[in-house]
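**Q** This is the structure, below, for whatever I ask next.
The values are calculated or read from the model by the stated rules, or taken from the named source; none is laboratory data. This structure is a prediction, so every number in the text was calculated from the model and none was measured. Neighbour counts are summed over all protein chains in view; Cβ atoms, including those assigned to glycine, are modelled from backbone coordinates with ideal geometry.
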Amino acid sequence: MSTTESNNSEFFTLDIGGMTCASCVSRVEKALDKIPGVEAATVNLATEQARVRIKRGSSSLDEIIALVKKTGYEAKESSVRGNLDQKIAKSFWADDGLGRVILSFLLSAPLFLPMFFMPFGIHWSLSGWWQLALATPVQFILGWRFYVAGYKSLIAGAGNMDLLVALGTSAAYGLSLYILLTSSHAHELYFEGSAVIISMVLLGKWLEARAKQQTSEAIRALQKLWPEHAKVLNAASELQGNTGIGADQYRNLPLDQVLPGDRVLILPGERIPVDGLVLSGASHVDESLLTGESEPVKKLAESKVIGGALNGEGALVVSAQAVGIESVLSKIINLVEEAQTQKAPIQKLVDQVSAIFVPSVLILALITGIGNWLYLDSTSIAILRAVSVLVIACPCALGLATPAAIMAGTGIAARFGILIKDPQVLELAHKLNIVAFDKTGTLTIGKPRMLALLPFDGSPSDIDQILATAAGLQLGSEHPLAKALLDASKEKGVTPIATSSSKGLPGIGIEGVPSAGPFMGQTLRLQSVASLEGSSQHHLILQKAQACFEQGQTVSVLMNLDSASKQAPSPIAVIAFGDELKPNAKSAIDALHALQIRTVMLSGDNLAAATRVGKTIGIDEVFAQIMPSNKAEIIQRLQVGLEGQKQFVAMIGDGVNDAPALAMADVGMAMSTGTDVAMQAAGITLMRGDPTLVADAIDVSKKTWNKIRQNLFWAFAFNTIGIPMAALGYLSPMLAGSAMALSSFCVLSNALLLKRWRPKHA
């Protein structure tokens, strides 16, 4: 997404061109940080993007772009759609194109091939002038990009990979030209070194570009789910079943012209263009690329559909509810893009190292040259070894190590319905000791049914009147228990009694004044038993609900706050609800136990009901009768541990009341079947209401973290070993160039191995 807004800040996403290594990233970030009003700025080498959060009204997008360009890099506003596809379609002769690689190797081949004949006693080589003729276009035409980028970095006051390559190859080329002009011994020339270095670096850049494209496949796959047009029914068109709509009854509109409320026709085999509600028709819909669910989902009238899903055998008419950036697909793309652009905390170390890396390499190369000249008394050898140090020390692998793994890991996870939006999760997931679950909607289906309504003695009304009153309190509420009450009243043919002065009481229940019925004008409250603890009526309520508790049911109490005594609220009825466990709840807990992770359940239910659920699925510890506000406190207690040793805790929830606990936990996971608030507070969103995804999310996070560590080890080890070898003469400039290109390719290839990951518990 190119631009988004919050109350006081604006967010911009820019495409940055010309970055080659971690030093480039550091320089762009420093430039962005200097812009007045910038609150945060991150640059990602793998995605070639920058995300900037700036105080609204302080600086414009044009000013930001101008500053980046002044630093020596290209910058433009990122497009919401199609940007990645544009990058794929780069010209054959572009800077990172295959054409330049092929041409450079064709020109360089006659220069280095004679080296392979020497072991066979064939000592043949081109004349010095022919070598000059072949090396010059490689150096100054195909390699011109390194001079331009190196010069820009030098003007900006900081070096980068291009500067190292330009200096190194120029030194080798210049030394060879000097020898050619002053000596007739062609075998002492090093044109092949400069030409092959440029060829290998160009090859490395091409391989990097291809690997980067592969790491971005997840976003491209999601972007391709957008249909370009939607069949919007005319206002006068009447719904006549699946086959009663002719071509003259709808308009084929571009997707950006579809508005909420429009009726959209989706034919069999078409992509659904909008989020909406099915008005008519029946079909099976493939939502696998959005949720990871392989089985098609049956859709009937009043079913919700997600834009981007593939319609099956039947025609559907859908009322558009969310389009464009408000759609689920757009939010998923945005989450994945954010995850791939953000930095893991370990990247801070890499950035600190990269900031001083290039100047340090220049000093090392100078010391190498002077040291070898003094020790060996050979100017040519000293220059060649200094060149080798310059070339092999390119920090490309270091800059790509973390973002490449994050892109590949978050991309493959998204493919299977696991959206990792916070890279910090990757560093914490492998440390998890405890996973805490909310019960309702997470381990249970979240669609409880009313099982019993038990009036108290002295209640002035019958069961139907009480049900109508209780259901009326819940009109407009999205709470699962509210829906259960309304469903029960509908089944019994009871019309809910509307209320006035209705208000929700977080962690307690809902309160209102019925407009009719036996309780008209009185203030009633429907609340949990736990919220009444300590009241004078608590013991009486427990006695009434004892049988319900023993059966593991959830109990609410309808209270009259305007009782006859006016001294204390009086109970009207106990209402019992039952919720079924999800079929795979037990296997989800077993999977976590296999990972040596302790499981905990947090529930507002009574102890008997919660304990019964916990024993059924094998939960290690149950916290029952807790208020929503206490969930975060329990998470904090769990993090301290019994012996004061830090425990890493994950929280799994789906409701608004879970948001504080999700934010408090080291790793928060929200079910997409829950509320937006919960998903915003969590670092991971599970696109299906499937608890087995928890273990899979931990597994893919661990795998991604391992790849980050492996890549960083390789990048640091490469430079630690390679620079001394080059300084001591064990690596020629040509071999140094090959090793440098190979290091970046190895890092990217290792990251791409994550694409082979598959969920274990699907």
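**Q** Taking the condition loosely packed, with under 13 Cβ neighbours inside 10 Å, at pLDDT below 90, among the basic types (Lys, Arg) and assigned by TED's automatic domain parsing to the domain that holds residue 560, does residue 503 pass? Before you say what the answer is, go through the steps one by one.
**A** Working: loosely packed, with under 13 Cβ neighbours inside 10 Å: yes; at pLDDT below 90: yes; among the basic types (Lys, Arg): yes; assigned by TED's automatic domain parsing to the domain that holds residue 560: yes.
Here the answer is yes, as residue 503 does meet what is asked.
**Q** Pairs under 8 Å by beta carbon, first residue closer than 24 Å to residue 463 by Cβ in region 491-517, partner among the acidic types (Asp, Glu), six or more apart or different chains?
**A** Close Cβ pairs (under 8 Å, with a partner that is among the acidic types (Asp, Glu)) amount to 492/464; 494/464; 502/511.
**Q** For the condition within 30 Å of residue 518 (Cβ to Cβ) and crowded, with 24+ Cβ neighbours inside 10 Å, what is the one hit in 472, 476?
**A** On the way: 476 fails: crowded, with 24+ Cβ neighbours inside 10 Å.
Step by step, each of 472, 476 is checked, and only 472 is within 30 Å of residue 518 (Cβ to Cβ) and crowded, with 24+ Cβ neighbours inside 10 Å.
**Q** For the condition closer than 30 Å to residue 514 by Cα and loosely packed, with under 15 Cβ neighbours inside 10 Å, what is the one hit in 530, 547, 573, 594? Quick ask: steps written out before the conclusion?
**A** Working: 530 fails: loosely packed, with under 15 Cβ neighbours inside 10 Å; 573 fails: loosely packed, with under 15 Cβ neighbours inside 10 Å; 594 fails: closer than 30 Å to residue 514 by Cα.
Unique residue meeting the criteria: 547.
**Q** Scan region 612-621 for residues that are surrounded by fewer than 20 Cβ atoms within 10 Å (Cβ to Cβ) and free of Cβ contacts under 8 Å to residues at least 40 places away in the same chain and report the count. I'd like the intermediate steps shown before the answer.
**A** Let us first name the residues in region 612-621 that are surrounded by fewer than 20 Cβ atoms within 10 Å (Cβ to Cβ), namely 612, 615-616, 618, 620-621.
Next, from what is left, pick out any that are free of Cβ contacts under 8 Å to residues at least 40 places away in the same chain: 615-616, 618, 620-621.
Looking only at that region, the number is 5.
**Q** Identify the residue in region 632-658 that is within 17 Å of residue 694 (Cα to Cα) and either assigned by TED's automatic domain parsing to the domain that holds residue 506 or among the small types (Gly, Ala, Ser) (or both) and, among all such residues, is modelled with the lowest pLDDT.
**A** Going through the qualifying residues, I end up with 655.
**Q** Shifting gears a bit: Residue check, residue 447 against (1) under 29 Å from residue 653 (Cβ atoms); (2) in contact with a strand residue (DSSP E or B) (Cβ under 8 Å, 6 or more places away or on another chain); (3) at pLDDT below 85, all met but one. Which one?
**A** (2)
**Q** Let me ask something else. Looking at (1) touching a Phe, Trp or Tyr at 6+ places or on another chain (Cβ under 7 Å); (2) modelled with pLDDT under 85, which is the one condition that is false for residue 265?
**A** (2)
**Q** Additional query: Would you pick out the residues in region 11-39 that are in a strand (DSSP E or B) and either surrounded by 23 or more Cβ atoms within 10 Å (Cβ to Cβ) or modelled with pLDDT of 80 or more (or both)?
**A** Going through region 11-39, the residues in a strand (DSSP E or B) turn out to be 11-17, 38-39.
Listed by number, the residues that qualify are 12, 13, 14, 15, 16, 17, 38, 39.
**Q** Moving to a separate point now. Determine whether region 454-465 contains at least one residue that is modelled with pLDDT of 85 or more, crowded, with 24+ Cβ neighbours inside 10 Å and not in a strand (DSSP E or B).
**A** no
**Q** Moving on. Considering only region 680-720, how many residues are free of Cβ contacts under 8 Å to residues at least 40 places away in the same chain and among the hydroxyl-bearing types (Ser, Thr, Tyr)?
**A** 1
**Q** Only one residue in 576, 545 is hydrophobic (A, V, I, L, M, F, W, C), in contact with a Cys (Cβ under 7 Å, 6 or more places away or on another chain) and touching a residue at least 40 places away in the same chain (Cβ under 8 Å). Which one? Before the answer, list the steps.
**A** Working: 545 fails: in contact with a Cys (Cβ under 7 Å, 6 or more places away or on another chain).
Residue meeting the stated conditions: 576.
**Q** Looking at region 63-80 only, could you name the residues that are at pLDDT below 75 and surrounded by 15 or more Cβ atoms within 10 Å (Cβ to Cβ)? Spell out the reasoning first.
**A** Start the filter on region 63-80 by keeping residues that are at pLDDT below 75, which leaves 78-80.
78, 80 - these are the residues of region 63-80 that are at pLDDT below 75 and surrounded by 15 or more Cβ atoms within 10 Å (Cβ to Cβ).
**Q** Taking the criterion of being in contact with a helix residue (DSSP H, G or I) (Cβ under 8 Å, 6 or more places away or on another chain) and either in the same structural domain as residue 612 (by TED's automatic domain parsing) or buried (at least 21 other Cβ atoms within 10 Å of the Cβ) (or both), would at least one residue in region 515-523 satisfy it?
**A** Yes, some residue in region 515-523 is in contact with a helix residue (DSSP H, G or I) (Cβ under 8 Å, 6 or more places away or on another chain) and either in the same structural domain as residue 612 (by TED's automatic domain parsing) or buried (at least 21 other Cβ atoms within 10 Å of the Cβ) (or both).
**Q** Can you confirm whether residue 486 is touching a helix residue (DSSP H, G or I) at 6+ places or on another chain (Cβ under 7 Å), without any contact (Cβ under 8 Å) to a residue 24 or more places away in the chain and not hydroxyl-bearing (Ser, Thr, Tyr)? If you could, list the steps in order and put the result at the bottom.
**A** Working: touching a helix residue (DSSP H, G or I) at 6+ places or on another chain (Cβ under 7 Å): yes; without any contact (Cβ under 8 Å) to a residue 24 or more places away in the chain: yes; not hydroxyl-bearing (Ser, Thr, Tyr): yes.
Here the answer is yes, as residue 486 does meet what is asked.
**Q** Given the residues 414, 408, 468, which is the only one that is modelled with pLDDT of 85 or more and farther than 25 Å from residue 634 by Cβ? Before the answer, list the steps.
**A** Numbers: 414 fails: modelled with pLDDT of 85 or more; 408 fails: modelled with pLDDT of 85 or more.
Exactly one residue qualifies, and that residue is 468.
**Q** Another question about this same structure. With the structure loaded, tell me whether residue 104 is at pLDDT 75 or above, more than 30 Å from residue 329 (Cα to Cα), assigned to a helix (DSSP H, G or I) and in contact with a Gly (Cβ under 9 Å, 6 or more places away or on another chain) or whether it fails that test. So that I can check it myself, show each step before the final result.
**A** Values: at pLDDT 75 or above: yes; more than 30 Å from residue 329 (Cα to Cα): yes; assigned to a helix (DSSP H, G or I): yes; in contact with a Gly (Cβ under 9 Å, 6 or more places away or on another chain): yes.
Here the answer is yes, as residue 104 does meet what is asked.
**Q** Right, here's the next one. Determine which single condition residue 601 fails, assuming it passes every other condition in (1) under 27 Å from residue 637 (Cα atoms); (2) part of a helix (DSSP H, G or I); (3) not polar (S, T, N, Q).
**A** With respect to (1) under 27 Å from residue 637 (Cα atoms); (2) part of a helix (DSSP H, G or I); (3) not polar (S, T, N, Q), residue 601 is out only on (2).
**Q** Identify, from the list 613, 700, the residue that is touching a Phe, Trp or Tyr at 6+ places or on another chain (Cβ under 8 Å), closer than 18 Å to residue 591 by Cα and modelled with pLDDT of 80 or more.
**A** Details: 613 fails: touching a Phe, Trp or Tyr at 6+ places or on another chain (Cβ under 8 Å).
After applying the criteria, what remains is 700.
**Q** Could you give me the residue pairs with C-beta distances under 8 Å whose first residue belongs to region 401-426 and is on the phi > 0 side of the Ramachandran plot, whose second residue is among the β-branched types (Val, Ile, Thr) wherever it lies, and which are 6+ apart or on separate chains?
**A** Within 8 Å, the pairs are 417/291.
**Q** Also, quick follow-up: Does residue 344 meet the test of being touching a Leu at 6+ places or on another chain (Cβ under 6 Å), closer than 29 Å to residue 44 by Cα and modelled with pLDDT under 85?
**A** Details: touching a Leu at 6+ places or on another chain (Cβ under 6 Å): yes; closer than 29 Å to residue 44 by Cα: yes; modelled with pLDDT under 85: yes.
For residue 344, the condition - touching a Leu at 6+ places or on another chain (Cβ under 6 Å), closer than 29 Å to residue 44 by Cα and modelled with pLDDT under 85 - is met.
**Q** Looking at 708, 721 in this structure, which one is buried (at least 22 other Cβ atoms within 10 Å of the Cβ) and either of a type outside the set (Phe, Trp, Tyr) or over 19 Å from the mean Cα position of the chain (by Cα) (or both)? Break it down stepwise before answering.
**A** Working: 721 fails: buried (at least 22 other Cβ atoms within 10 Å of the Cβ).
That would be 708, the only listed residue that is buried (at least 22 other Cβ atoms within 10 Å of the Cβ) and either of a type outside the set (Phe, Trp, Tyr) or over 19 Å from the mean Cα position of the chain (by Cα) (or both).
**Q** Taking only region 483-500 into account, find how many residues are buried (at least 19 other Cβ atoms within 10 Å of the Cβ) and small (Gly, Ala, Ser).
**A** 3
**Q** Answer yes or no: is there a residue in region 499-516 that is part of a helix (DSSP H, G or I) and more than 37 Å from the chain's Cα centre (by Cα).
**A** If we filter region 499-516 for residues that are part of a helix (DSSP H, G or I), which is where we start, we get none.
Checked against the condition, which is being part of a helix (DSSP H, G or I) and more than 37 Å from the chain's Cα centre (by Cα), region 499-516 yields no hits at all.
**Q** If you don't mind, there's one more thing I want to ask. Quick check: anything in region 314-324 modelled with pLDDT of 65 or more and part of a helix (DSSP H, G or I)?
**A** Initially, region 314-324 is screened for residues modelled with pLDDT of 65 or more, giving 314-324.
The next check asks that each one be part of a helix (DSSP H, G or I); those that pass are 324.
Yes: region 314-324 contains one or more residues that are modelled with pLDDT of 65 or more and part of a helix (DSSP H, G or I).
**Q** So, one more: Sort out which residues of region 506-528 are under 21 Å from residue 450 (Cα atoms) and in contact with an Asp or Glu (Cβ under 9 Å, 6 or more places away or on another chain), and write them in order of number.
**A** Residues satisfying the conditions are 524, 525, 526, 527, 528.
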